[in-house]
Amino acid sequence: MLGAIAAGQLDPVYCLHGAERFLIDRCVLALRAAVLGPGAGHGLNHDVFELKEAGLTAALNAAQTLPMFAKRRLVVGRGIDLLKSEELEGLADYVGDPNPSTCLVLTGEKIDGRWKPFQVMRKAGFVHEFPRLRDRELPSWIAREASARKIAIDADGAQALAEAAGSDLGRLSQALEQLSLYVGTGGRIQRAEVETLIAETRERGVFELTKAIGDGNVNRALSLLGNMLANREPPLRIQFMLVRQMRQIWRAKELVAAGTPRMEIAGAVGIAPFFLDDVLVPARRMSETALERSFRRLYQSDRSLKSSRIDPELSITRLIRQLAEDARGTATSPRSR
């Protein structure tokens, strides 16, 4: 379908539904580029409606309006699946005689194909489903996406990326973009490149998180944690990486106190030299008392994550807040909570 859209072969109506939101959003962006084209004037001929709030009638009225200073108008209605059958009145009639100068795009997650408007749209060829890809489909999707970016990825590399990034196509696409920059145009991705990228991404994320904790920046720490959780980083893995880095911070603090040269500290701690400041900054900021308290927090959190019925994301969020408050010197001791 994207090929037809890029070639300017546009239907007057699109009903895009399914669980794979990333592909729906990509299709909407392609339609916007094809209908509106580059340049100014998008605001005059581009309407977006949240159908549950605005109602379908508002979207249909906009679709009937002629474009201004352009050949076409784009009208997007989000949440078509949230409307009740009686709220779809007028849709079947519009689909039967659509405005040729408007591209009406209706999006949702799961439509009821038994309802007349959807049956009419399906018969006209306007309904397009985007189901969530199954795990075994991901490697081939990754290979196609890599080819579109003018890079190659072998079967083992594609499988490794699918395993590491999961079924979130948005995250997979972002990882492929990073890999394309890593190997360059015409480059080839194998499992080693995938594992290097994923390891560096996770390492960078936990360094930033620990730095925010060491700075006592509660809001920044919680924001970074939210990003990691949104990227499906398991709370137990975040806990493990935090323990490892807190050990590195403690060791760095000991080495600084002993007068160890800067470049020797990186090797002794076991990190790359360009990450050294991410360990030294919190090492200088956090007192031994704060570090000891943080390790008690981490120990308690580890037990909680492995044995408690408390939601893991809630548990790790509470931990991060407490660690940042410890570093800032505003928290009470673990025993008083």
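Computed from the coordinates by the stated procedures, all read-outs in this text should not be read as laboratory data. Just so it is clear, the structure is predicted and the values come from calculations on it, not from any experiment. Glycine also receives a Cβ, built like all others from the backbone with ideal geometry; neighbour counts cover every protein chain displayed.
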* Structure fact -> For PHE118, PHE130, PHE69, ascending order of other Cβ atoms within 10 Å (fewest first) is PHE69, PHE130, PHE118
* Asked: Taking the Cβ of PRO100 as the center, what net charge do the other residues with Cβ under 11 Å away carry, scoring Lys and Arg +1 and Asp and Glu -1?
  -> +1
* **Segments 24-33, 276-285, 318-327 sorted - mean Cβ within 10 Å per residue, highest first** => 318-327, 276-285, 24-33
* According to a simple spin-label model (label point 7 Å from Cα along Cα-to-Cβ), what is the distance in nm between LYS84 and THR65? -> 2.8
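Based only on other Cβ atoms within 10 Å, what is the fewest-to-most ordering of MET286, MET68? Before the final figure, lay out the partial values.
Numbers: MET286 25, MET68 10.
Listing MET286, MET68 from fewest to most nearby Cβ atoms yields MET68, MET286.
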* In nm, to one decimal, how far is the GLU109 label point from the ASP277 one, both placed 7 Å along Cα→Cβ? -> 4.3
* Would you kindly state how much longer the chain becomes between LYS150 and GLU313 on full extension, computed as 0.36 nm times their sequence separation minus their alpha carbon distance, in nm to one decimal? => 54.9 nm
* Residue-count net charge about ASP215 - beta-carbon cut-off 10 Å; Lys, Arg +1, Asp, Glu -1 -> +4
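I'd like to know how the chain sits against the 2.2 N^0.38 Å rule of thumb: what's its Cα Rg over that expected value?
Normalised by 2.2 N^0.38 Å, the Cα Rg of the chain equals 1.30.
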* Using the beta-carbon distance between THR289 and ARG262 and R0 = 22 Å, what value does 1/(1 + (r/R0)^6) give for FRET efficiency, to the nearest 0.05? -> 0.30
* Against the rule of thumb 2.2 N^0.38 Å, how large the Cα Rg of the range 93-227 comes out -> 1.49
* To do: Using the number of other C-beta atoms within 10 angstrom as an exposure proxy, rank HIS17, HIS46 with the fewest first.
  => HIS46, HIS17
* Only helical DSSP H runs with n ≥ 4 go in: add -39500 (n - 2.57) per run for the chain, normalise by residue count and round the 222 nm mean residue ellipticity to 500 deg cm²/dmol. => -19000 deg cm²/dmol
* Structure fact -> Beyond 23 Å (Cα-Cα) in this structure, taken from LYS211/LYS306; LYS211/LYS253; LYS52/LYS116; LYS253/LYS306, we find LYS211/LYS306; LYS253/LYS306
* Net charge of neighbours whose Cβ lies under 12 Å from the Cβ of LEU44, counting Lys and Arg as +1 and Asp and Glu as -1 -> +1
* Structure fact -> Of the convex hull enclosing the alpha-carbon atoms of the range 1-146, the direction-averaged projected area in nm² is 9.3
* Overall Cα dimensions of the range 245-325, principal axis frame, Å, largest first -> 46, 24, 17
* Structure fact -> So for the range 135-189, using the alpha carbon gyration tensor with a ≥ b ≥ c as root eigenvalues (a/c under 1.5 gives rounded; past that, a/b versus b/c decides prolate or oblate), I'd call it prolate
